[in-house]
Amino acid sequence: MTGQDGRPPHPPGEPAPVPWPQTGPGQSDQSGPGVPPVGPPLRLSPKVLLTEPIKMLPSLFLPLAGVLFVGGFSPGSFFWAALGVAGSVAYAVVRWATFTYQVVGDRLELTRALVSRSVRTIPLERVRGVDVSNPPLHRLLGIAVLKIDTGAGGDDKQEGELDGVTVTEAERLKAVLLRYAHAGAARRTANPETVAAPAHGQEVSEPVRHAPAERVLFVVPRLWLAYGPLSGAYLLTPFALAAGAVGLAFQWGNELRIDGRFVVGAGEWIWDHPVVLLVALVLLVLAMPVAGGVMYAVFNWDFTLRVREGYLVAERGLLTRRSVSLERRRVRGFELVEGIAERWAGVARAWAVVTGLGDSQTRGQLLPVVPKAKALDVVGEAVGPAISRLRPHPPVARRRRLFRAVFPWLLVAVCAGAAALTWSPLWWVPTVVALLLAVLGVPLGLDRYRSLGHAYDGTRLSVRSGSLRRSQAVIEERAVVGWRLTQTPFQRQARVLTVTAGVGAGSGGYSAFDVGEAQGVAFAAEVTPAWLAPFLLNEPQERQ
């Protein structure tokens, strides 16, 4: 039994398949089995003719302002400024008219043809993820930016980007690319749980285990946006804005005919009035939690994590709404991160460890700052449970952490104290500060030691380290591609070493620091016994 299009009817209750682009008139169908037919060349939405000139305005502002000032705001200067704006609009029109994209067989082609023809080819089987974002102006016009992640790990030129497709087209193309990548990967790995490759011209089939088309794992409550200021990066927002304002003042000074001596004089006046400088510093410090909370809310508004057809989809953003898709079969574990303020509040952040992900720190985020217990529950459902009981490291690791946290500041205090006795009493200030930091280094070193740990439960390994930023990585055994055991001269003297599990995902390697020599070798041999067995068996023979 078939439908009107000659294809089998869609089973009730199952997710509707996404059709491939249809072959246009006069085009040959050159696709093979299991690949989509050739679709007609498509253009971006004509609405990009509004967004492209606006995006050029920041780069055009200074030249246009210079033309107006040099011309004394005469009719001629306005004519040349208008001519520059018209040129930018014409450039946007030419870029739109000469750019097309097209699904050709098993690849996506991005073509630009003006004087010369340039074609960028992206094999669909190389697609690792598809991101859809909606900046404010794009959302107003109903268009989106679609970015294709191929796991190249380089700059954006090694990937594909369609800036200015309609929202409907972005979602359709995203579904097509992800379904083809998922089906092609299943065919290559000969997964017995998947349906055979679809025949020519048919949709990509779902796995045999009929999972729901979409399931929401977690939506971050808006009340939890109050945890935003606990993230150190957002707290620096006021200082970043102040530094940017000073930089713009120096950059625009010449263009706007602002005398440089005026800017320098203003800086000297503020320096000569320390009360004003102190008040400004206090205001910036007081603005840190407010600005940090606002920026956190802007980037993580309505953060939603869901499962959709074999992908983990994370959506977030207030002004710019962004959707990131991670193929679940490429997820090899997760990383749980806690800053010192976040640990005090009992919250944490989570990232997925994914193979072939270009920008893991941005695209791999599973959860923003949420209560740690909830983060463990959500990550456990999305990726896998964490390993709670870690093996401690030898006591010598505690001495090393105390030494590294205290000795440098004691050395600074001694040097500054000597300078205070022989040169100037002003050196007593850094001496006292260094002594205070040395005292604070004692609890810091003890906490660093308590954070150390590693474990293996038979299928996953886990390593943890850090204090100001404590990170615990939980990695599947199959993700390990190699081991690196290193010893510095000081570690060799203390009979400890650093064991790094090489992983073809995430940051590329996860280390257990200051592990005992026998403990570290046993840890690596426990995870991958076949790899280290020849070395361990030959070691006694070499000693005889």
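The values are calculated or read from the model by the stated rules, or taken from the named source; none is laboratory data. Just so we're clear, the structure is a prediction, and the values are computed from it rather than from any experiment. Quick reminder, even Gly has a Cβ in these numbers, built from the backbone with ideal geometry, and neighbours come from all protein chains shown. For the accessible areas, the whole protein counts, side chains as well, though only heavy atoms, and no ligand, DNA or RNA atoms are used. Shrake-Rupley method; radii C 1.70, N 1.55, O 1.52, S 1.80 Å.
Put a dot 7 Å past each Cα toward the Cβ at VAL119 and ALA518; how far apart are the dots in nm?
Inter-label distance under the simple model: 6.5 nm.
Within region 384-455, list the trypsin sites (Lys or Arg not before Pro) lying in a DSSP loop whose Cβ has at most 16 other Cβ atoms in a 10 Å radius.
ARG389
Sort LEU57, LEU286, LEU367 by accessible area with a 1.4 Å probe, largest first.
LEU286, LEU57, LEU367
Put +1 on the Cβ of each Lys and Arg and -1 on the Cβ of each Asp and Glu in region 265-412; which of TRP409, SER388, LEU376 then has its Cα farthest toward the positive end of the dipole?
Projecting each Cα onto the dipole axis, the largest value belongs to SER388.
Using a simple charge model, +1 on the beta-carbon of Lys and Arg, -1 on the beta-carbon of Asp and Glu, nothing else, what dipole does region 446-540 show about its Cα centre, in debye to the nearest 20?
With Lys and Arg at +1 and Asp and Glu at -1, about 380 debye.
Just add up the charged neighbours of VAL298: K/R +1, D/E -1, any other residue whose Cβ is under 14 Å from the Cβ of VAL298.
Residues near VAL298 contribute +4 overall.
Please report the accessible area of MET56 (heavy atoms, 1.4 Å probe, ligands and nucleic acids excluded) in Å², nearest 10.
We get 30 Å² for MET56.
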